[in-house]
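Please treat every number below as a calculation from the coordinates, not as lab data. Every value quoted in this text rests on a predicted model; they were computed, and no experiment measured them. Reconstructed Cβ throughout: ideal geometry from the backbone, glycine too, with neighbour counts over all protein chains shown.
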DNA sequence: TTATTTCTGGAATTTTTTTTTCGATCTGCC
DNA sequence: GGCAGATCGAAAAAAAAATTCCAGAAATAA
């Protein structure tokens, strides 16, 4: 049974309720959004009835008590997180009960759901100030160094690809030939470093961020938490919480944020975005 | 004091916290939206600490106890929900009336919506047969060559990263030093090539796919249409239609599909997915 | 009007949740 | 290596919240 179904039932059976229960029904209908937060006494007080009346109300609709009913709203009302939980529970159940192995498509479907949730979350937790600051940093920098290792290397390489479409000088710290040290060496005041690092925070990325700070370059960090070790030296932090399925973190939110950043930069620079039009015959 | 201010303080003083309190700080930062709903024992369990540690954390920041701190998040909770809604409404308005220039956040929000749509579409258009075939190809191959250029290079490099976690031999055709030709040369029957190419279909990728076909290797193509030039020689095609905003194609669906493919492969190979556990001291 | 049923308020009880306490363990410093 | 101070875990104690119970009030039917 869902919260919606309950509300449906309440309104159907409303007329048959006692005077007191009607008051409670109305209150619940009006405040269903905040119901999870309220304690039985809060509601009782607001309705000017006794807590026991609330319990009776819940029992009237088949719950064991108030807490039982509240659980319904808890699930329904924090859309993202609640779904994540129930989703993760579902996954765990499926995996735990070995009888029905997941098909490839089911696995994929599940993972895509996690990606969606990640994007949802990102979308809701955007910090305008941080984004503006990031775009400004990008805008004013002429030399931009980008670093991200292992899982985050694709992201770093994407950022470089995108930035190549501007007039800026872009340096990808690839570590090719083991030359991390040599590749960051030349960063200096007025330059910008973009460091992308998620738990467990790659050693090389941390090193590069430190060098950037020592050399007084600006530092834009894309990471998973304000408390990331990268955060200390950062001028601007963009945080991304990725969705997770099967203990596997998605990357869709991070890459989407990077793309969005580039769009915003282009807009700011009044560039016409033509991502794929290269000079030569090459394309893709 | 507001929840935001508290988070601010927490991140400022983070470095000075004890090991345990750091864990709690991170948890709180990550789950601040749902914190109101959780009981002290839930949080303690999630952090693998004792409830008393949570209380100590709250007291460390000047609250009388956990409940006192939680009250702060309670206040922040209801407005959040309202803000999201009004925010989305505002976006819609801004889009409807083209006159006002878009802010960075609005641009980002728009683009993320496009990403979501892309994922939606992907999710609905999955072809189980193609996915199964792709997983089988991956499973049986010992040597895997991966190619993707320019915009798709990050995807190719991600696939390589992921596949390195198996026992397979993975070859990224990076074109480093202009050596596309030399890097594909050694592909042969029984090997698998993964080619990722979207409109306008990179010349190098097309070349590599051709070599793979000539050398009788298997070919798995990730592209945007069944009529892609890559399709001709492919054993299996996975098609992805990305979302678009501001004439800018997202990449979230493509990368998510690749991740999902890897999950399915791991499942098929009965690997334990531990994406981040590397051999050495390196991580990320 | 009276008997019967349903409804309500309030206190007692139970359950759940939070806080405190205290001994054990760990850490840094000499 | 040993000491002082900080940190931690476990369980007892306290507080808060929810539920149950019951007596009395209100409503209904005979």
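Below, the figures for the structure above:
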| item | result |
| --- | --- |
| Three-way shape call for segment B:103-148 based on the alpha-carbon gyration tensor, with the a/c threshold at 1.5 | oblate |
| Copies compared at residue A:67 - label distances in nm, ascending, label defined 7 Å from Cα in the Cβ direction | 1.6 |
| Nearest-first distances (nm) between copies at residue A:268, label 7 Å from Cα via Cβ | 4.4 |
| Label point 7 Å beyond Cα along the C-beta direction, distances from residue A:176 to other copies (nm, shortest first) | 0.7 |
| Partner chain coverage, peptide A:61-68 - average Cβ within 10 angstrom | 0 |
| Segment A:143-254 - convex hull of alpha carbons, volume per residue in Å³ | 99 |
| Pairwise FRET efficiency - residue B:216 versus residue B:130, Cβ, R0 = 22 Å, nearest 0.05 | 0.55 |
| Selected from A:135, A:36, A:149 as most flexible by GNM, with chain A as the system and alpha-carbon contacts under 10 Å | A:36 |
| Cα-based Kirkwood hydrodynamic radius, chain B, one decimal, Å | 22.6 |
| Segment B:231-273 and segment B:154-207: distance between their alpha carbon centers, rounded to Å | 15 |
| 0 to 90° range, to nearest 10: angle between helix A:252-269 axis and chain A longest Cα axis | 60 |
| Alpha-carbon centroid distance for the pair segment B:20-56 / segment A:1-80, whole angstrom | 28 |
| Tail beyond 32 Å, pair distance distribution of the protein assembly as shown (Cα, percent) | 51 |
| Prolate/oblate/rounded call for segment B:142-183, Cα gyration tensor, a/c under 1.5 rounded | oblate |
| Of A:102, A:126, A:137, the one that fluctuates the most in a GNM where chain A has Cα springs shorter than 10 Å | A:102 |
| Reference-scaled alpha-carbon Rg (2.2 N^0.38 Å with N residues) for segment B:3-62 | 1.01 |
| Value of [θ]222 nm, deg cm²/dmol, for chain A, DSSP H segments ≥ 4, -39500 (n - 2.57) each, nearest 500 | -17000 deg cm²/dmol |
| Selected from A:240, A:146, A:49 as most flexible by GNM, with chain A as the system and alpha-carbon contacts under 10 Å | A:49 |
| Shielding by partners, peptide B:157-169 (average Cβ within 10 angstrom, other chains) | 2 |
| Shielding by partners, peptide B:261-268 (average Cβ within 10 angstrom, other chains) | 5 |
| Whole-number percent relative contact order across chain A, with pairs defined as alpha carbons under 8 Å at least 6 apart | 15 |
| Segment A:193-240: C-alpha gyration tensor shape, a/c 1.5 cut-off, then a/b vs b/c | oblate |
